[in-house]
Structure formats: structure tokens, C-alpha cells
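*Asks:* Dropping a structure here in C-alpha cells format, bear with me for questions.
The values are calculated or read from the model by the stated rules, or taken from the named source; none is laboratory data. None of the values given here were measured: they were computed from a predicted structure. Reconstructed Cβ throughout: ideal geometry from the backbone, glycine too, with neighbour counts over all protein chains shown.
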Amino acid sequence: MKKPPARDGTILEDDLRVHPMAHYLRMERMPHIWCSSCGLGSSMTCFIMGMQESGIDEKRVTVVSGIGCTGRMAGYLNLDSFHTTHGRALPFATGLALANPDLRVVVISGDGDIAAIGGNHLIHSARRNMDMLILCINNFTYGMTGGQAGPTTPVSAKATTAPYGAYEYPFNLPYLAMASGATYVVRWTALHLRRLKNSIAEAIPKKGFRFIEVISPCPTAYAHKNRLGTGLDLMKFYHDNSIIKHGADPREADIEFTGKIIVGKFLDIERPTFTELMTQNVAKKFGGGR
């Protein structure tokens with residue numbers, strides 16, 4: 001395997017003895033804090049491989065996260081990254097995208113951070129068609145804070161705040177993203193490694209609000225509370241119970257507890273981004289007749 005160059009152009013000594021992706025990781029922060037058999041490690045690997053495959057200059061990629069287990073990715077990736085306050089990753093990313101349109105802004109965070117406390121930012125960022133990629137790792141629970149029920153917890157699934165089973169209808173995140181104005185909507189599980197990597201590689205160079213949901217196991221909170229085995233058991237269950245339906249109507253992609261999961265690319269369209277519309281309208285207002 002060819003050794004990757006360091007970001008300053010030098011070769012990192014013995015990097016590949018430590019990790020084959022050491023160039024893209026902040027190795028001084030390893031080992032990571034994630035639980036054994038959590039899907040976040042494989043998701044981060046897919047992101048790195050997808051970024052490499054896209055051919056994008058890594059110096060143009062900026063990663064933003066909020067608070068939670070998934071939010072730690074911003075601190076582990078050896079890229080320009082920002083670890084923001086809980087639920088505020090999207091407005092922070094909006095500022096970056098507006099200030100420097102040449103950046104490829106990527107938000108990587110969890111379902112609690114993006115769809116709960118950050119839910120209002122999600123729908124309005126999609127409505128504006130902000131130029132950013134969202135990688136939402138959905139494990140159906142608040143894993144870092146104790147396994148409470150969240151906005152994606154399936155009905156009847158148990159949580160520390162729902163010991164007899166959740167009874168609130170969960171968000172269907174692909175449907176929510178599409179209905180709010182996203183131009184690219186995909187869902188995979190954390191074990192659909194090649195497909196997830198390919199979707200990330202396809203999404204990074206695109207324009208507009210792109211949304212990728214990754215169904216990922218939480219072994220310590222969700223799996224244990226619901227007697228679903230280890231994280232590996234749950235990851236395999238999600239993968240084996242997935243039905244690939246490219247182009248499916250996301251309204252059909254609701255997730256039921258231990259039920260089938262519809263995955264695939266639901267939407268891939270183009271429409272002017274917020275920045276493009278703003279530039280066009282300013283040009284019409286102040287550029288005509290001179």
C-alpha cells in the first residue's frame with residue numbers, strides 16, 4: 001500500500017503501522033471513545049474512503065458536528081473541523097458555506113443532534129437548499145447521555161425514558177429531508193459499506209442540500225435495553241432486513257421496531273442553491289440597466 005503524504009507534504013513516519021488511514025485521522029486522539037461494535041467507526045471509514053474516491057481536495061473539505069457520540073468525528077478527522085454546541089451544527093455550517101462558497105461543507109452528527117434539538121435548523125437549511133452534505137448517523141437513541149428515547153426511536157422500542165416502550169411516532173428522516181427541500185436523499189445501514197462509500201463519493205461534489213442517513217447500532221444503550229444482542233448482531237440485523245429500493249417514495253420508508261428497513265437513493269435532483277438564487281436576484285436588482 002502506498003503511504004499517503006502528510007498534509008504539509010512530508011511523509012508521516014511509520015503511519016501505516018498505526019493505521020492505514022492515519023493521514024486522515026488525528027492519531028494523537030486515539031484510541032477513540034466509541035463502544036465496541038458501534039457503527040460509527042465503519043461510518044467514519046466510509047466517509048474517508050468516499051472523500052478519497054470523490055477526488056475532492058481534502059483541504060477544501062470542512063467537517064462540522066454537534067454534541068453526541070457521532071459528534072466526536074469532527075475531533076477525530078484530520079481535516080478543518082468544528083465541534084459546535086448541541087443542535088447548532090447546521091447554522092454554523094451555513095455560515096461557513098456562505099462565507100466561503102468554495103468549501104465542501106459536511107455536517108456529521110447524530111439523530112438527536114440533527115433531528116431533535118437541531119430539527120428546526122434541519123428543515124430550514126433544506127428549505128433554503130444550502131450547499132452542504134449532511135451525514136446523519138441514526139441509532140434511534142441518545143447514546144451518549146444514557147439511552148433516552150429520541151425523535152427517531154421506533155414505536156414500542158424501549159429506552160431509559162420509555163421503559164415500557166416508546167409510544168410517540170418517530171420521524172422518517174428521508175421523508176422529512178425531501179419534504180423540506182433537499183435535493184439528494186439516501187439511506188444505508190452502517191454495514192452497507194461499499195454502497196455508503198459510493199453515495200458519499202457521489203454526494204460530496206454535488207451542489208445543494210444533500211442528506212444521507214446511516215442506520216447504525218448503539219450496543220450499549222439501544223441494543224442492550226431492547227435485548228437485541230451485541231452491536232454486531234444489531235448491525236447484521238439492520239443489513240439483512242434492508243430492502244434496497246432506489247427511487248422509492250420516502251413516505252414508504254417508515255422504520256418499525258425490528259421491522260424491514262427500506263434503503264437506497266430516494267432522490268437526486270438539481271435546483272438552484274441559496275447562494276445561486278441570492279446572486280441572481282442581486283444581479284437583477286442592481287446589475288440591470290447600467
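*Asks:* Report yes if Arg210 is basic (Lys, Arg) and in a helix (DSSP H, G or I), otherwise no.
*Replies:* So Arg210 fails the test.
*Asks:* When you go through (1) without any contact (Cβ under 8 Å) to a residue 40 or more places away in the chain; (2) surrounded by 20 or more Cβ atoms within 10 Å (Cβ to Cβ) one by one for Cys218, which number turns out not to apply?
*Replies:* Of the numbered conditions (1) without any contact (Cβ under 8 Å) to a residue 40 or more places away in the chain; (2) surrounded by 20 or more Cβ atoms within 10 Å (Cβ to Cβ), the odd one out for Cys218 is (1).
*Asks:* Filter segment 171-204 down to the residues that are among the aromatic types (Phe, Trp, Tyr) and surrounded by fewer than 24 Cβ atoms within 10 Å (Cβ to Cβ), then identify the one that is farthest from Gly112 (Cα to Cα). I'd like the intermediate steps shown before the answer.
*Replies:* Start the filter on segment 171-204 by keeping residues that are among the aromatic types (Phe, Trp, Tyr), which leaves 171, 175, 184, 188.
Restricting the remaining residues to those that are surrounded by fewer than 24 Cβ atoms within 10 Å (Cβ to Cβ) gives 171, 175.
On the way: Phe171: 11, Tyr175: 17 Å.
Ranking the qualifying residues of segment 171-204, first place goes to Tyr175.
*Asks:* Kindly check whether there is at least one residue in segment 223-232 that is touching a Leu at 6+ places or on another chain (Cβ under 9 Å) and crowded, with 24+ Cβ neighbours inside 10 Å.
*Replies:* Scanning segment 223-232 turns up at least one residue that is touching a Leu at 6+ places or on another chain (Cβ under 9 Å) and crowded, with 24+ Cβ neighbours inside 10 Å.
*Asks:* Same structure again: Among the numbered criteria (1) surrounded by 15 or more Cβ atoms within 10 Å (Cβ to Cβ); (2) in a loop (DSSP other than H, G, I, E, B); (3) of a type in the set (D, E, K, R); (4) at pLDDT below 95, which single criterion is violated by Glu276?
*Replies:* The single condition Glu276 does not satisfy is (2).
*Asks:* For Met235, are the conditions met, namely being surrounded by 16 or more Cβ atoms within 10 Å (Cβ to Cβ) and among the hydrophobic types (A, V, I, L, M, F, W, C)?
*Replies:* So Met235 passes the test.
*Asks:* Tell me yes or no: at least one residue of segment 251-270 is surrounded by 15 or more Cβ atoms within 10 Å (Cβ to Cβ) and assigned to a helix (DSSP H, G or I).
*Replies:* no
*Asks:* For segment 30-46, which positions are part of a helix (DSSP H, G or I) and either in contact with a helix residue (DSSP H, G or I) (Cβ under 8 Å, 6 or more places away or on another chain) or acidic (Asp, Glu) (or both)? It would help to see each step written out before you state the result.
*Replies:* Going residue by residue through segment 30-46, those that are part of a helix (DSSP H, G or I) are 40-46.
Result: Leu40, Ser42, Ser43, Met44, Thr45, Cys46.
*Asks:* I would also like to ask the following. What number goes with the only condition from (1) under 16 Å from the mean Cα position of the chain (by Cα); (2) among the aromatic types (Phe, Trp, Tyr); (3) over 18 Å from Ile215 (Cβ atoms) that Tyr167 does not pass?
*Replies:* With (1) under 16 Å from the mean Cα position of the chain (by Cα); (2) among the aromatic types (Phe, Trp, Tyr); (3) over 18 Å from Ile215 (Cβ atoms) applied to Tyr167, the lone miss is (1).
*Asks:* Condition (residue is more than 21 Å from the chain's Cα centre (by Cα), modelled with pLDDT of 95 or more and hydrophobic (A, V, I, L, M, F, W, C)) applied to segment 212-219: is it met by at least one residue?
*Replies:* No: zero hits.
*Asks:* Here's another thing I want to ask about it. Among what's in segment 55-67 and is of a type outside the set (Val, Ile, Thr) and surrounded by fewer than 20 Cβ atoms within 10 Å (Cβ to Cβ), pick the residue that is nearest to Leu90 (Cα to Cα).
*Replies:* Arg60
*Asks:* Right, another one. With the checklist (1) out of contact with any Gly (no Cβ under 8 Å at 6 or more places or on another chain); (2) at positive phi in hand, flag the one item Pro163 doesn't pass.
*Replies:* So the condition that Pro163 fails would be (2).
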